[in-house]
Amino acid sequence: MKFRSKIRSTCRICGSSDLKPYLDLGPQPPSNSFIHPDEAGGEQRFPLVVQLCGGCGLSQLSEVVAAKDIFNDYAYLSSTSKALVRHYQGMVDDLLKAFAPATGRLVIDIGCNDGITLSCYPARKYKLVGIEPSSAGDYAVKAGFTVEKRFFDAAAGRDIRAKYGAASIVTATNVFAHVDDIRSFTEGVAKLLANDGVFVIEFPYLRDMVEHLYFDTIYHEHLSYLALTPLVRLFSDHGLKPFKVQHVDVGASGPALRLQVCLREAPHATDNSIAETLAAERAWGVTRVETYSDFAPRVAALRDELLCIIRGLNESGRKVGAYGAPAKGNTMLNYLGMTRGDIVAVAENSTIKIGKLTPGTHLPVVSDEDFLRLGISHALLLTWNYADFFLANSDFVKQGGKFIVPFPCPAVRPS
């Protein structure tokens, strides 16, 4: 299919045109657009440039690929990650313990994908509704969940409240960063929340990305790279207040912030974590472009380290593959300029990706079982945020394979 795009010339939170680019990863295809072998000749590429808003401190991409095109045929099912299933179960358990909604209250998951978070709630205790515009929502429907198949915005918030009532809990994990009209989305949340309701978002944290060089979390689905400072402004503009924030080590794309938000007049006390995080971001310089000045050269240096390891192994006669095929992995593969001469194949357990080629680099995606038959000794771990899990549980390691773990410093594990 053909992807449409537009240039983003103003900040999506504050409207400022003071946007300064600080990282350019080169033209890349949409990262979840895995292709069939006969489609390899017609791919589109779009600039992958991150820019900082001088007005509010939001980092955002310079070009927006149309969400309707990206999510039309979406090759990502959350529940294929056992580690992520455990993570969201822990999140839901924490929310139910902290807020204890009464039986029958409405719980909504925006961007519910295949139902991964909805399935974490006790069966038949709450009124569970998912919102999912992509083809992944069909899997949630098959699992028995009620799903509104639409993009969420102000109109959706109004319509869903009229249809189902006010929500006690609204979650949007690994979703908020995907939204271009983030102001309309936030207005929709404000319309949907009950007076004591809680909105919970989880997103890759900008400081983690910059300090630890997680450049692969940058791709065309992720339009914004979030910190608390610009979000406080956004929520305040819509009658909402963040009241608690925590850092979590395992998110959908790596370490993340989990932010709890409520209506301004809701009975939830503001935790000290809000003021502490805002003070830390101010001291770090979240709104100053100078803070980001060495990000690009540090990312380039990490790329060169990885290339040295991969090509050194190939030159010594070893076979190198890649492990896992997440969207962020394609940012990594394309920025490294990988070819089949570098990477033999990519292991993956999602059936909707197996048999296809990675976007841009055209590496074959094979099942975990077939990967083991290829004589691969080392694999670039694209799902590096689950490194401990795969080191302990993957058959590849159990059969003597080693991972090239890219972050925080490129390393071969087990050593």
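The values are calculated or read from the model by the stated rules, or taken from the named source; none is laboratory data. All of these numbers come straight from a predicted model, not from anything done at the bench. All Cβ positions, even for glycine, are placed from backbone atoms using ideal geometry, and neighbour counts span all protein chains on display. Just so you know, the surface numbers come from the protein's heavy atoms only, side chains and all, with ligands and any DNA or RNA stripped out. Shrake-Rupley method; radii C 1.70, N 1.55, O 1.52, S 1.80 Å.
Counting only protein heavy atoms and a 1.4 Å probe, tell me what percentage of the range 255-359's accessible area is made up of carbon and sulfur.
Numbers: 2270 of 4410 Å².
Accessible surface attributable to carbon and sulfur in the range 255-359 totals 52 percent.
Per-residue HN-Hα couplings for the range 361-374, Karplus 6.51 cos²θ - 1.76 cosθ + 1.60 at θ = phi - 60°, whole Hz, x for Gly and Pro?
Ordered by residue, 3J(HN,Hα) equals 8, 6, 8, x, 9, 10, 5, 4, 5, 5, 4, 5, 8, 8 Hz.
State the antiparallel share, in %, of DSSP beta bridges confined to the chain, rounding to the nearest 5.
50
Restricting to DSSP H runs of at least four residues, report the calculated mean residue ellipticity at 222 nm for the chain, -39500 (n - 2.57) per run over all residues, nearest 500 deg cm²/dmol. Please list the in-between numbers first.
Values: 13 runs with 127 residues, N = 415.
Calculated mean residue ellipticity at 222 nm is -9000 deg cm²/dmol.
At a Förster radius of 56 Å, what calculated FRET efficiency corresponds to the Cβ-Cβ distance of R282 and D368, to the nearest 0.05? Don't skip to the end; give the middle numbers.
Values: r = 45 Å, r/R0 = 0.81.
That pair, R282 with D368, gives E of 0.80.
Just the number: Rg to Rh for the range 240-288, Cα atoms, Kirkwood Rh, two decimals.
Values: Rg = 12.4 Å, Rh = 12.0 Å.
Checking Rg against Rh, the ratio lands at 1.03.
Which of the lysines could be linked to K402 by a straight reach, that is with a Cα gap under 19 Å, when you skip same-chain ones fewer than 8 residues away?
The reachable lysines, counting only those whose Cα sits under 19 Å from K402, are K319.
What share of Cα pairs, in percent, lie more than 17 angstrom apart in the range 249-360? The partial results should precede the final answer.
Values: 4466 of 6216 pairs.
Roughly 72 percent, rounded to a whole number.
Order 208-218, 153-163, 368-378 from most to least packed using the mean count of other Cβ atoms within 10 Å.
Working: 208-218: 21.7, 153-163: 17.1, 368-378: 15.2.
Highest to lowest by the protection proxy: 208-218, 153-163, 368-378.
Quick check on my link table: of K241/K328; K142/K163; K6/K241; K142/K241; K125/K353; K20/K356, which ones sit more than 26 Å apart, alpha carbon to alpha carbon?
Numbers: K241/K328 31 Å; K142/K163 22 Å; K6/K241 31 Å; K142/K241 36 Å; K125/K353 35 Å; K20/K356 37 Å.
Pairs exceeding the cut-off: K241/K328; K6/K241; K142/K241; K125/K353; K20/K356.
Which helices, counted as full DSSP H runs in the chain, have an axial Cα extent of no less than 27 Å and a Kyte-Doolittle average of -0.5 or above? Kindly include the intermediate steps, with their values, before the conclusion.
Working: long enough: 295-315 (30 Å, 0.46).
Correct list, ordered by number: 295-315.
Show which lysines lie in cross-link reach of K244 when reach means a straight Cα distance below 16 angstrom and same-chain residues fewer than eight apart are skipped.
Leaving aside lysines fewer than 8 places away in the same chain, those within reach of K244 are K97.
What's the carbon and sulfur percent of the range 361-401's accessible surface, probe 1.4 angstrom, rounded to a whole number?
Details: 840 of 1730 Å².
C and S fraction of accessible area: 48 percent.
What accessible area per residue comes out for the chain, rounded to a whole number of Å², with a 1.4 Å probe?
On the way: 16230 Å² over 415 residues.
For the chain, the solvent-accessible area averages 39 Å² per residue.
Please identify every one of the trypsin sites (Lys or Arg not before Pro) in the range 8-55 that sits in a loop by DSSP and has no more than 15 other beta carbons within 10 Å of its own beta carbon. Could you put the intermediate results ahead of the total?
On the way: sites: R8, R12, R45; in loops: R8, R12, R45.
Here the sparse-neighbourhood loop sites are R45.
Once Rh for the chain is found with the Kirkwood sum over Cα pairs, what is the Stokes-Einstein diffusion coefficient at 20 °C and 1.002 mPa s, in µm²/s?
Here the translational diffusion coefficient equals 98 µm²/s.
Given Cα pairs under 8 Å that are at least 6 residues apart, what percent is the relative contact order of the range 208-290? Mind dumping the intermediate values first?
Values: 74 pairs, mean separation 22.2, N = 83.
Normalised by residue count, the contact order of the range 208-290 is 27 percent.
Express the Stokes-Einstein translational diffusion coefficient of the range 1-118 in µm² s⁻¹, to the nearest whole number, given a Kirkwood radius over alpha-carbon pairs, 20 °C and a viscosity of 1.002 mPa s.
Working: Rh = 17.7 Å.
Reported coefficient: 121 µm²/s.
Evaluate the distance, in nm, between pseudo-label points positioned 7 Å from the Cα of R318 and of E39 along their respective Cα→Cβ axes.
Calculated label separation equals 3.3 nm.
Share of the range 1-156's accessible area from carbon and sulfur, percent, 1.4 Å? Spell out each step's value before the answer.
Details: 3430 of 6720 Å².
It is 51 percent, rounded to a whole number.
Loop-only check: which trypsin sites (Lys or Arg not before Pro) in the range 112-146 are DSSP coil with at most 14 other Cβ within 10 angstrom? Before the final figure, lay out each step's value.
Values: sites: R124, K125, K127, K142; in loops: R124, K125.
Those that pass, being in a loop and sparsely packed, are R124, K125.
Subtracting the Cα-Cα distance from 0.36 nm times the residue separation, let me have the gained length for R158 to S415 in nm, one decimal.
Values: separation 257, 0.36 × 257 = 92.52 nm, distance 5.48 nm.
Stretched fully, the R158-S415 segment lengthens by 87.0 nm.
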